[in-house]
Every structure is written in C-alpha cells, then in structure tokens.
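K.L.:
Quick one: structure below, then a few questions.
The values are calculated or read from the model by the stated rules, or taken from the named source; none is laboratory data. Source: prediction; values computed, not measured. Cβ sites come from the backbone with ideal geometry, for glycine too, and all protein chains shown count toward neighbours.
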Amino acid sequence: MPVFSLEPDRAAWCEELRALAAERLRPLADKGEPGRVNRPLVAALGELGLIGRLFTSGALDLCLMRESLARVCTEAETALALQGLGAHPVAASGTAAQRERWLPEVTAGRAVAAFALSEPDAGSDAAALALAAEPDGPEGSGRWRLNGEKCWISNAPEADVLTVFARTTPGAGARGVTAFLVPADRAGLGGRPLDMLAPHAIGTVTFDAVPVTCDDVLGETDRGFRVAMRTLNLFRPSVGAFAVGMAQAALDATLAHTTGRRAFGGPLRDLQAVSHQVAEMATRTEAARLLVYAAASAYDEGAPDVPRRAAMAKLLATETAQFVVDAAVQLHGARALQRGHLLEHLYREVRAPRIYEGASEVQRTIIAKELYKDLDAAKEAGA
C-alpha cells in the first residue's frame, strides 16, 4: 500500500469510526468520572469489536483506529489503547491457557488490562527496573514473590489483570527481567490512584510478597524485556497516531474559528499572520501523519528498521501535536483556556505522550543508535 494515501475502504472505515465515536462513545465518555476507569466506555469498545481488532489487525489499522477516535473522543482512544497495551503481551507471548483465560474477557470489554513497566526510579530507563521477583522455594521450583512498586501505571489500581515486568536476575540489566501475568486479586497486590494533569486512571501498584509461578510467565524467564520491546515497537507509532488525531482536531477547530471570528474589519483567516500559522499547523500535521503511516507499514511488512521508524514517528508526531495544539490555543485566545473548551482539554491531553512509552529524548537516542549501527554495519560489510 502506498504510504502517502489510504485505500478507499480504509478511508471509509476511518469516517465510520469517527461517526461511532461521536454517536456512541462521546456520550459515555462525558458520563465518566475523571481519574477512574470508565467501564461502560470500555464495554462499548468491546461491543463494537474495536478491542478485538487490536489483536487481529496490523499496526496500520491500529494507528487508524487511534487517530480516528482521538480526533473525536480522546477518552475512547485512550481506553482502547490501554486495553491493547496491557493485553498485547498476552496475545503475542502468552500460553494457550493465559490467552484462553484473559483475551476473551479483555476483548469483550469485561476485563480491564494494565501494562506495568515504569517504576519511581525506572521510567525511560526501563532496563533499570528494580521490582524484585525473589525465589520462593528451592532453585528451579518456578515460584517467586514480587516485592516493590510500579508507578504511573495506566488503569491502576483498578485493572483486573496486569502485565508486570520484574527482575528475576539481579545486576543483569535488560537480560534479567521477566514478564508475569498477574490477576488483580492476587494476595499482596495493592495501589493507589495518582492525580495527574490529564485526569486519566493512572496510579501506583504495590507488591508485598505477591506470589507468582512459572504458569504466570509471559514468554521466557529473564527474557521479559523482549516482551516489553515487542509491545512498544508496535504501540509507539500508534502513540504518534493518537497525537496526530489530537493535532487534527485542533486544526479543525482553528479552521472553523478563524473563519467565523471577525477582527480588524474581517475574518481572522484574512490576516496573513493567521493564515500562515494555519498553513504551518496543517503541513506539520500531515508530515507527522505520513511518518506514522510509514512506520506502521514497515512494522506490518516485517522491515528490519522498525525500531528507528517507530521512534521517529512517535517523536515527530508528539512534538508536532504539542506545537499545533499550542498554536490553536493562541489563535483562539482566552476562550480556549476556559475549562471545558475542546482546546483546554487537548492542551492537557497533548503533554503526556511526549513522555510515556519513551520520552522524546529517548526516541532521539534510539534513532541515533540505529543510524550509527547501520553505518558501522555498512563499513564492516565493505571492509
């Protein structure tokens, strides 16, 4: 598929998603309690088949879903994405028993999933995580006790099941991490909500000798970092798609406002300073969209440069969205700062994606590392 355009059926699907978001999902989102999991909204996403599509479609469709929903209802987009992020490790690395137990519940919107990677002292440097999986019994017994804390975990502490990354081999960096699938009713599991700038369900998760066994392992022992990176490589371009959706919503609002608002004897759109700013907003948004689509297509095709492309897509799209939303606020003036205004909402929402799933600085590090790796490989091949 050309990365510069969408096929007619995909374009029509995106329009359908936006209509569903406006008619079915927006009303449910408006009834939700800030800072809490909106279970009716999650259930609706399941009933519409959108959660299930997360696990049967490719990266490009994931991006199209996130962009389309974000353009109309960021709450619905986020609820969908978090179900995917929390349960993708189960779909990709889980055992048959794990998949049979949890995927039907998650896809139907009956169970809420969480991806528990970040810690108070291990955010962008995920390999530094310290949550300890301590042996519980003789060596090789396949039993551990989890002790420590996770922080800034979406859907915590209300999730029904968590993908938890814990250190099984001290001092081994990324090579000593194991992914566990932990039901929320497991003894010793606790947590508390956090009050964030954008009022999503985000909190801490505490582990007080939480028992896990080899039956809870996702993938292989000490190979959990692969599980995390496999998930993040898929979802990073789609974080960019979320950002593009917000940027487009801000641009749409700005086009309408600058057409209807009159100042200095005519509509704002007739002022060159305004029209040039709108042109810049539109150009950057489209550039970010194309890079997101290209990264997603590369993932779907199994291209070798997915980490670099995914990092580029997330970096450009999230930084672009910040610029576009800020410019939109400036062009709207004080009305955009009123509580409840679309741009006031987007202004709070747009900040976090530049940090989570790898901050912008981390994305630049990944990009540079991949570029130099390619250069060194080329030199070695030519030697």
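K.L.:
Considering the stretch 337-352 alone, what residues qualify as being part of a helix (DSSP H, G or I) and crowded, with 22+ Cβ neighbours inside 10 Å?
P.N.:
Of everything in the stretch 337-352, those that are part of a helix (DSSP H, G or I) and crowded, with 22+ Cβ neighbours inside 10 Å turn out to be LEU343, LEU346, GLU349.
K.L.:
What are the residues in the stretch 275-293 that are among the hydrophobic types (A, V, I, L, M, F, W, C) and crowded, with 18+ Cβ neighbours inside 10 Å, if any? Can you show your working first?
P.N.:
Of all residues in the stretch 275-293, those among the hydrophobic types (A, V, I, L, M, F, W, C) come to 278-279, 281-282, 287-288, 290-292.
Listed by number, the residues that qualify are VAL278, MET281, ALA288, LEU291, VAL292.
K.L.:
What residue, of ARG226, ARG236, is out of contact with any Cys (no Cβ under 8 Å at 6 or more places or on another chain), surrounded by fewer than 22 Cβ atoms within 10 Å (Cβ to Cβ) and over 16 Å from PRO135 (Cβ atoms)?
P.N.:
When all the criteria are applied, what remains is ARG226.
K.L.:
Then there is this: I need the full set of residues from the stretch 30-52 which are buried (at least 17 other Cβ atoms within 10 Å of the Cβ) and outside any helix (DSSP H, G or I), in order please.
P.N.:
Of everything in the stretch 30-52, those that are buried (at least 17 other Cβ atoms within 10 Å of the Cβ) and outside any helix (DSSP H, G or I) turn out to be GLY32, VAL37, ASN38, LEU48.
K.L.:
Looking at GLY302, GLY340, GLY358, GLY333, which one is assigned by TED's automatic domain parsing to the domain that holds ALA263 and touching a residue at least 24 places away in the same chain (Cβ under 8 Å)?
P.N.:
Unique residue meeting the criteria: GLY358.
K.L.:
How many residues does the stretch 91-127 contain that are of a type outside the set (Ser, Thr, Tyr) and within 13 Å of ALA43 (Cα to Cα)? I'd like the intermediate steps shown before the answer.
P.N.:
Going through the stretch 91-127, the residues of a type outside the set (Ser, Thr, Tyr) turn out to be 91-92, 94, 96-106, 108-117, 119-123, 125-127.
Narrowing further to those that are within 13 Å of ALA43 (Cα to Cα): 104-106, 108-113.
Residues meeting the conditions: 9.
K.L.:
Out of everything in the stretch 145-204 that is of a type in the set (Gly, Ala, Ser), assigned to a loop (DSSP other than H, G, I, E, B) and more than 18 Å from the chain's Cα centre (by Cα), what residue ends up being surrounded by the most Cβ atoms within 10 Å (Cβ to Cβ)?
P.N.:
ALA184
K.L.:
Say we look at the stretch 209-229 and pick out the residues that are closer than 11 Å to ALA179 by Cβ and over 25 Å from the mean Cα position of the chain (by Cα); which of these is modelled with the highest pLDDT?
P.N.:
Among residues in the stretch 209-229 that are closer than 11 Å to ALA179 by Cβ and over 25 Å from the mean Cα position of the chain (by Cα), the one modelled with the highest pLDDT is VAL212.
K.L.:
Of GLY52, GLY58, GLY86, which residue is of a type in the set (Gly, Ala, Ser), in contact with a strand residue (DSSP E or B) (Cβ under 8 Å, 6 or more places away or on another chain) and closer than 27 Å to MET229 by Cβ?
P.N.:
That would be GLY86, the only listed residue that is of a type in the set (Gly, Ala, Ser), in contact with a strand residue (DSSP E or B) (Cβ under 8 Å, 6 or more places away or on another chain) and closer than 27 Å to MET229 by Cβ.
K.L.:
May I pose another question? Assess whether LEU20 counts as being under 22 Å from VAL244 (Cα atoms), hydrophobic (A, V, I, L, M, F, W, C) and at pLDDT below 95.
P.N.:
So LEU20 fails the test.
K.L.:
Which condition number does THR318 fail, the rest of (1) within 14 Å of the chain's Cα centre (by Cα); (2) modelled with pLDDT under 95 being met?
P.N.:
Condition (2) is where THR318 drops out.
K.L.:
Still on this structure: Looking only at the stretch 205-223, which residues are in a loop (DSSP other than H, G, I, E, B), of a type outside the set (Asp, Glu) and surrounded by fewer than 19 Cβ atoms within 10 Å (Cβ to Cβ)?
P.N.:
THR221, ARG223
K.L.:
Could you please find all residues in the stretch 91-110 being buried (at least 21 other Cβ atoms within 10 Å of the Cβ) and within 17 Å of VAL227 (Cβ to Cβ)?
P.N.:
SER93, GLY94, TRP102, VAL106, listed by residue number.
K.L.:
Next question. If the Cβ limit is 9 Å and pairs must be 6+ apart or interchain, which residue in the stretch 145-161 that is among the hydroxyl-bearing types (Ser, Thr, Tyr) pairs with which residue that is modelled with pLDDT under 95 and surrounded by fewer than 20 Cβ atoms within 10 Å (Cβ to Cβ)?
P.N.:
SER154/TYR356
This table checks each residue for (1) over 21 Å from ARG348 (Cα atoms); (2) in the same structural domain as VAL350 (by TED's automatic domain parsing); (3) not charged (D, E, K, R).
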| site | (1), (2), (3) |
| --- | --- |
| ARG186 | yes, no, no |
| GLY191 | yes, no, yes |
| LEU197 | no, no, yes |
| HIS200 | no, no, yes |
| VAL205 | yes, no, yes |
| CYS214 | yes, no, yes |
| ASN233 | yes, yes, yes |
| PHE242 | no, yes, yes |
| LEU251 | no, yes, yes |
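K.L.:
Something else about it: Kindly list the number of the only condition in (1) within 17 Å of the chain's Cα centre (by Cα); (2) more than 18 Å from ALA198 (Cβ to Cβ) that fails for GLY123.
P.N.:
In the conditions (1) within 17 Å of the chain's Cα centre (by Cα); (2) more than 18 Å from ALA198 (Cβ to Cβ), GLY123 misses (2) alone.
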